[in-house]
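Quick notes on the structure that follows.
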Amino acid sequence: MEAQVLIRVVPSYARGLPISPPPPRFELSAKPLFRSSPLRSTASRPAAASTEKPRASAIMEASGFDSEGREFKNAEEMWGEEIGKEGDVHKRKEWYRQGVGYWEGVEATADGVLGGYAHVNDADIKGSEAFLKMLLAERFPDGGRGRSLVALDCGSGIGRVTKNLLIRFFTEVDLLEPVSHFLEAARESLVPESGLAIENKTTNFFCVPLQEFTPDVGRYDVIWIQWCIGHLADDDFVSFFMRAKAGLKPGGLFVLKENIARSGFVLDKEDRSITRSDTYFKELFHRCGLHIFKSKDQRGLPEELFAVKMYALTPDAPKRVHNTRARAQPNRPGIIK
């Protein structure tokens, strides 16, 4: 099948991930997040997740840092400085313009999009594959075999996740990426000169930022979002998921794979991205009307990188389990006839 190629260049958000080794800095999106040494003690591993649902006010009041070591008393203060008050269109556009601008200066290779950490690719794909297999086995009959499953790869970069993982499990995969030379590299890798997509999978290439993208209604079984959501401000994060929910088929899932701050947040001043804590993410999921179906920690990454977590999210509320067992009868003597 010929690949359907749609290249529409729109200034966007970038792909927040890693950084080049010298000097160490923060990374987000398409790459693992590297911590600068001054923040090592506060921004490294996530605290154990609480079983209690924290109040929104307590969550959003948590303090955070930026990559230069400055502390913010809460997320509201940080966002006020970075994107301005509501209605400050110019400052918000500048946030996204600088984010894309950073990634436009990065080479379209695995080492480029992974911030000099191309060697984490195998561990990343292995962890993602195990998580995806579990989801397909639990969500679809026969693990989805025999079905025409369709996925969307958000913040796809050079197509690393699509090529190494998604095309092995989905009949069709669409790629969404705002950095044009990354998307062109993905197209060249996935659609050879013959014009046929790998394994005859129809693939659409959308050069559009997350905050401006609206999927076709009911197209996707899985929307995969890895190492890119950190470029979205909180309100754009919520707006994206609210729109994207319409793109899921009945029973479809979001898979979000991201760096996790130990608490609060860490702002990367260079690539304009934010690493959120597990608690911060859960508050945003609540605002989006999403429920956690499964979650799992990524293993096998270098210690100097942020911890990484995978969330499978569904707009469907979990079903209540009712106890249908008959009440135990009191222990009383039988009647002798």
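Of all accessible surface on region 245-291 at a 1.4 Å probe, what whole percent is carbon and sulfur?
Its accessible area is 47 percent carbon and sulfur atoms.
Give me the 1.4 Å probe accessible area per residue for region 262-311, excluding ligands and nucleic acids, in Å².
For region 262-311, the per-residue accessible area is 37 Å².
Counting Lys and Arg as +1 and Asp and Glu as -1, what is the net charge of the other residues whose Cβ lies under 13 Å from the Cβ of L136?
Around L136, the charge tally is +2.
Can you give the accessible area of L135 in Å² (nearest 10), computed on protein heavy atoms with a 1.4 Å probe?
Taking all protein chains as shown, L135 has close to 0 Å².
May I ask you to evaluate 6.51 cos²θ - 1.76 cosθ + 1.60, the Karplus curve with θ = phi - 60°, for each residue of region 154-170 and list the ³J(HN,Hα) values in order in whole Hz, giving x for glycine and proline?
After applying 6.51 cos²θ - 1.76 cosθ + 1.60, I find 8, x, 5, x, 8, x, 4, 6, 4, 5, 8, 9, 5, 5, 7, 10, 10 Hz.
Mind listing the long-range amide H neighbours of K269? Cut-off is under 5 Å, sequence gap 5 or more, other chains count too, H placed in the peptide plane at 1.01 Å from N.
S67, E68
Amide H of R262 versus every other amide H placed in the peptide plane: which residues, excluding those fewer than 5 positions away on the same chain, fall under 5 Å?
Excluding prolines and chain starts, which carry no amide H, the hits are S44.
Among all the lysines, which ones have a C-alpha under 19 Å from K309's C-alpha, if same-chain residues fewer than 8 places away are not counted?
Here the lysines satisfying the reach criterion relative to K309 are K31, K53, K126, K133, K257, K282, K294, K296.
Give me the 1.4 Å probe accessible area per residue for region 58-123, excluding ligands and nucleic acids, in Å².
In whole numbers, region 58-123 has 53 Å² accessible per residue.
Please list the non-local residues whose amide H lies under 5 Å from the amide H of L152, H modeled 1.01 Å from N, same-chain partners needing a gap of 5 or more.
D174, V222, I223, W224
For region 216-324, which trypsin sites (Lys or Arg not before Pro) are both in a DSSP coil and crowded by at most 14 other Cβ atoms within 10 Å?
For trypsin sites (Lys or Arg not before Pro) across region 216-324 that sit outside H, G, I, E and B with at most 14 neighbouring Cβ atoms in 10 Å, the list reads K269, R299, K319, R320.
Which ³J(HN,Hα) values, rounded to whole Hz and listed in residue order, are derived for region 305-315 from phi using the Karplus coefficients 6.51, -1.76 and 1.60 in 6.51 cos²θ - 1.76 cosθ + 1.60 with θ = phi - 60°, glycine and proline given as x?
8, 4, 5, 10, 10, 10, 10, 9, 10, 9, x
The values are calculated or read from the model by the stated rules, or taken from the named source; none is laboratory data. Bear in mind that the values here come from a model prediction, so they are computed numbers and not experimental data. All Cβ positions, glycine included, derive from the backbone under ideal geometry; neighbour counts span all protein chains shown. Side chains included, ligands, DNA and RNA excluded: accessible areas come from the protein's heavy atoms. Shrake-Rupley method; radii C 1.70, N 1.55, O 1.52, S 1.80 Å.
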